[in-house]
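To start, the structure under review is shown below, and the notes come after it.
What follows is calculated from the coordinates using simple rules that are stated; it is not laboratory data. Small disclaimer: the values here were computed from a predicted structure and weren't measured. Here the Cβ is made from the backbone with ideal geometry for all residues, glycine too, and neighbour counts use every protein chain on show.
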């Protein structure tokens, strides 16, 4: 069962950025952008995983994945998670180091506090293939441009000399004027024939279009064609959840009384979640979530929930 929980945690964390194991703690994924240093070095973006034992309420993410994947009820999934947490806490209490899959490991200090050590070798799916690099500074580029200008100057000089020699050769070499005139006449006749053929073809096309227009055969394909929207994901800012619709509606009413009139309920895997906003772009959703947590300390445990839009 432990490996199963690890699997769902590793899968869901890059999607939701914050995943909570009830009665144990929350895992938060922090993304750091690329860094540009003064020496021209560019450090690739990186991520870090933080564990917060204060986030111990049930956000329903892992339970929903378990219920859907194993085709069991939501309550049965929660029971499995509870059994898992009991085993983990017992091992930590006995002073053991608990490996948390590929994410890292847990230990306890002398005071009994839970400590998390991230596995630095794990790669975020969105950062795969990105490595540190560097760019040349302006001073180095200026030097290269100066050298290129010198090389071009030499090339132009050689080219000019070659052109002069070719011009002299043309004046010296005798030309058969009669033969040249015959070739020019042949080219003119050939071009005239092509022009006449193209003009005749254009006239036929115009007449054909006029006939189709009169007969109503031409249709506006842009208006008649149906554009199917691409399916993607919708990202919801979740502030709460309940097991039943009645309890979810009661919680929704309380949240709306706090000024969030656009709040609504989204259902999934025997869980009813209350969201205050939704986005099609993950970056916008993450930015909104950060601002929302800062501006509303009461909802500091708000998290990002992703659902496929079919």
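How big is the C-alpha Rg of region 233-308 next to the rule-of-thumb value 2.2 N^0.38 Å, as a ratio?
So the Cα radius of gyration is 1.04 times the expected 2.2 N^0.38 Å.
Would you mind ranking 98, 19 so that the residue whose beta carbon has the fewest other beta carbons within 10 Å leads the list?
Ranked by crowding around the Cβ, least crowded first: 98, 19.
Sort 120, 293 so that the residue with the fewest other Cβ atoms within 10 Å of its own Cβ comes first and the one with the most comes last.
Ascending Cβ contact count within 10 Å gives the list 120, 293.
When a footprinting reagent is the concern and you count Cβ atoms within 10 Å, what order do 282, 298 take, fewest first?
298, 282
Using label points projected 7 Å from each Cα along Cα→Cβ, tell me how many nm separate residue 293 and residue 69, to one decimal.
2.4
For the pair residue 30 and residue 257, how long in nm is the line joining their label points, each one 7 Å along Cα→Cβ?
3.6
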